[in-house]
Every structure is written in structure tokens, then in C-alpha cells.
Amino acid sequence: MSRSAHPAGPRYADVLPEGHYSPPAADLNVLPEKVWSRTVTRGGDGVVSVGGIEVTRLAEEFGTPAYFLDEEDFRTRCRAWAHAFGPGADVFYAGKAFLSKAVVRWLKEEGLNLDVCSGGELTTALAAEMPAERIAYHGNNKSVPEIRRAVEAGVGRIVLDSFQEIVRVAHVAAELGVRQRVQIRVTVGVEAHTHEFIATAHEDQKFGIAVADGMAAEAVRRVLGHDSLELIGIHSHIGSQIFDMAGFEVSAKRVVQLLAAVRDEHGVELPEIDLGGGLGIAYTDGDDPREPHEIAKSLTEIVARECESAGLRAPRISVEPGRAIVGPTAFTLYEVGTIKPLEGLRTYVSVDGGMSDNIRTSLYDAEYSVALVSRSSDAEPMLSRVVGKHCESGDIVVRDAFLPADLAPGDLIAVPATGAYCRSMSSNYNHALRPPVVAVRDGAARVIVRRDTEEDLLRIDVG
């Protein structure tokens, strides 16, 4: 046998020790409110409904897998964020979480602004008639054509991410005879308590310009040296799926210190700071997210305190919730296919989707909940791993969960809190057809992003 090979044994595939996972709920039929959207209920017959429509009916009409988005819940969360920060601040929905023309229209109607980070997202925003002045344009490597499109459209702000980008935006704006409003994205050296791949404020990563080595101060000098740029503020984002506000406090303090340094050097008090988004949501019943009014109060007090200490007028605050708005509003509905018990280990439950519609478990070790939704069950709980149909052993949707022991092929199960990043990061791996997004409200359901078809696959394969 090769020295690089060895027998795997029955527990090779990262089997968790007993006690690592949470014990089963007392009643598997209960749907924890913090994990599911507001209009999700289980009826007397055991079938779960959203927006007044049973999932069995939704599955018949739209098929599985499919994302079902609770429109009323989405709008309610938009209003909660807008109300929490009030007219003295700006709430930008982070479009990368999930974006469609319908979502843009909802944002516009509910009074939120929109943050985009690509030409495609900008195109979608403009196609749905979001006023350009309510759009912020992000991204660490914007191309000149993307910058030109944004400046021509009249976006309200472009967030500058590098010295090269300062030159690019200044040049395009000068060519077009525009004085473009910009912010500078800085990295403040905060180690957010989150996964390595979604922590964004430490120095060793691709986003922003570091404060610690003086580069952010140099970026300010360069922006102020361009007549075609109007520097309106500083932007900071510390990561994603964050529950602890301590990181925001450190970030705000260092951003305010930079504002004070700008005042002292240039005699300019920048009028805005953007503290980003990244606030966590409940993927499992053990998660404890903060409410928008708590977040608003905390951030406002932090900034006011630091500005008072520095002798600055408090700037206008911007925040960018994406996941915190759309994440809890949707669930993914699957049909159970193969059920494979492994004696002494767990039961593998294979569904008709997988990593092509939810890559987050494989990519981030993300944790999710899951429930049987086409009926209720009083059977004993069985430790399960919900997996997809792709040719990858890492094709895992829910790593460890308890489902009823009488689960059978043809049952419908649902994974809640999949509104953010699941459809946005979906793929055609194994030539899978990406699921539709169906908006449900007041007993009516409509497709807002249709399911891929085999014709779609062949149309772009030009051979």
C-alpha cells in the first residue's frame, strides 16, 4: 500500500462525536419562530403553509427544489430597518444576498436604498427603475466599463477599494464632466467572530485600504486631490453573520479616529460613515440575532460617543443589511428521494437538490435547520444528514439534524433561512437546473425568478 494511502474505516467522513450536535427538539413538528418567516404555520392536518398556501400545493404547482420567499415578511423587515434608523440615516440593502427586479421594486416601495457590487446587479437595479441616486456601487475590482456605466447612470456613491480605483473613477468622471460622490473603504484591523471566508476587516484580505499603516490617510489625500471626485465619507465592513456588537464598536472608533485625522490635516469634516452590514440571523434555534432597533441604538450611540470624544460633529450613518432582511424570509423545499441508514452512525437523507442550490454548507460549514413539512409525525427522532444528488461527498445541505424516523421517499422537507446567498451563489454543477424563486403573499404565489430549463443550458453551449 502506498504511504499516502490508508484504510478509511467507517468513521472517516467527519462523523461528529456524540454530544457535539444539539439534542433533538422535544417535538419535531414545532417550527421555531426565530428560524422561519412570519407567515409560516403548520396546519391541523400537519401540512406547513406560507402566505396562506400549503407546501404540498406549492410543490405541485412549482416543483422541487424551489425557494419560496415570504413577501410580507421581506417587506416587514425592510420597514423595521427603515424605522429603526429613521430619516437621519441611510439603509442600503446589500443586493449580493439576493437580487431580482421584484426585490428592487419592493425596496423602492419600502424606502430602502440599494448596494450593488457588479455590473449585473447594477443592470438589474436600473431595469427595475431604482433611482440611481439611491444606489451605492461596491466591489474590489470594478472594471472601467462598469465604472463608466455607474457614473453615467448617476449612482449616489461609488465605494473606492484601491489606489488604482481612485484613478479609474476620477478619470471616468472627468471624461464625463461629472463630480462623482465617493467613499473610501478601509480595513480597520478588527477580527470579527465569524468564518475566515466572510471576515473582511483584518488586514490580510482583498478588501479595502488599511488604516494601520497610513494607507487609508494617503487614499484620502489622493481623492481630495481630484476635482472630479467628491469625498463624502469612510466605509468599513467587518464581516458577515456577526452577533457580537463589540467588533462594530472597535470599527466605529477607528473610523472616527480617521475622520478626526482628516479634519486635522485637511480642515474637512467628512459628513458620512458607512458601517457596513453583516448582522447575523437565526439559522438554528440556538442562534440569537439582534433586532434592528437594538442594532440602530447601539451603532448610533457608539458613533455619537466616539465623535464627542474626538470633537467631531456626528456624521450621517449608513448600514447595509442584506442577509438580515432576506435571509429569514425564504425556505428551500425539497422532495426526499433516497434514505440510507448507516448503523451506529446516522441516516443519510438524499433530496432532489444539493450544493447547486445551497453551497454554503460546503463552503462555510454553515449550519441549517430542517423540518418535515408535508405532514406531521410522532415518530422517534433519527440523527440525519441531508445531502444532495451531486457527485461530491461534500454535497451536504444540513450536516446534522433530527428528522422523524418514519421519513419516507416522496416526503417534503424544508430548510429555512435560505433567502440569502443560496440562489445568488447557485450553480449548474452537474448541469443541474437552478431552482425558481417564488414569492408568496396573501394566498397568492408567483414566480419572480424562473427555474432554469434544459433549453437554457443548451442555448449558452455554442458548441
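The values are calculated or read from the model by the stated rules, or taken from the named source; none is laboratory data. As the structure is a prediction and not an experimental result, all values here were calculated from the model. Here the Cβ positions follow ideal geometry from the backbone for every residue, glycine too, while neighbour counts run over all protein chains shown. Surface areas here come from the heavy atoms of the whole protein model, side chains and all, with no ligands, DNA or RNA. Shrake-Rupley method; radii C 1.70, N 1.55, O 1.52, S 1.80 Å.
Structure notes:
- Between Tyr364 and Ser22, the simple spin-label model (points 7 angstrom out along Cα→Cβ) gives 1.7 nm.
- Separation of the Asp227 and Phe243 label points, Cα + 7 Å toward Cβ, nm: 5.4 nm
- Value of D in µm² per second that Stokes-Einstein yields for segment 372-413, Kirkwood Rh from Cα pairs, at 10 °C (1.306 mPa s): 141 µm²/s
- Full extension of the segment from Arg316 to Ala210, taken as 0.36 nm per residue of separation minus the current Cα-Cα distance, would add 35.9 nm.
- Sites Glu308 and Ala408 - FRET efficiency at Förster radius 45 Å, r taken between beta-carbons, to 0.05: 0.10
- Packing-based ranking of 141-147, 177-183 yields 177-183, 141-147, ordered from highest to lowest mean Cβ neighbour count within 10 Å.
- Apportionment of accessible area to carbon and sulfur, the chain, percent (1.4 Å): 50 percent
- Applying 1/(1 + (r/R0)^6) with R0 = 60 Å to the Cβ-Cβ distance of Glu392 and Glu218 gives a FRET efficiency near 0.85.
- Database remark: amide H of Ala94 closer than 5 angstrom to the amide H of Asp115, Gly322 (H placed geometrically; neighbours at sequence offset of 5 or more, or on other chains; Pro and chain starts carry no H).
- Segment Glu60..Thr123, full-extension length gain: 19.4 nm, with 0.36 nm per residue of separation and the alpha-carbon distance subtracted.
- Once the chain from Glu380 to Lys101 is taken as fully extended at 0.36 nm per residue, the excess over their C-alpha distance is 96.1 nm.
- Within straight-line cross-link reach of Lys206, lysines at Cα separation under 19 Å, skipping those fewer than 8 residues along the same chain: Lys96, Lys142
- Proximal lysines relative to Lys297, as straight alpha-carbon distance under 20 Å, when same-chain residues fewer than 8 apart are discounted: Lys253
- Packing-based ranking, highest mean first, of 322-331, 260-269, 377-386, 85-94 given that Cβ atoms within 10 Å are counted: 322-331, 85-94, 377-386, 260-269
- Using the Karplus relation 6.51 cos²θ - 1.76 cosθ + 1.60 with θ = phi - 60°, the per-residue 3J(HN,Hα) values for segment 150-164 come to 5, 5, 4, 6, x, 4, x, 7, 10, 8, 7, 10, 6, 5, 4 Hz, with x marking Gly and Pro.
- Label-to-label distance, nm, for residues given as Met425 and Asp461 (7 Å Cα→Cβ offset): 2.7 nm
- Computed E for Ser298/Glu152 - FRET, C-beta separation, R0 60 angstrom, nearest 0.05: 0.95
- Annotation: amide H of Ala330 within the under-5 Å range of Asp70, Ala417, Thr418, Gly419, sequence separation 5 or more or interchain, hydrogens built in the peptide plane.
- Surface per residue (accessible, 1.4 Å probe) for the chain, Å²: 44 Å²
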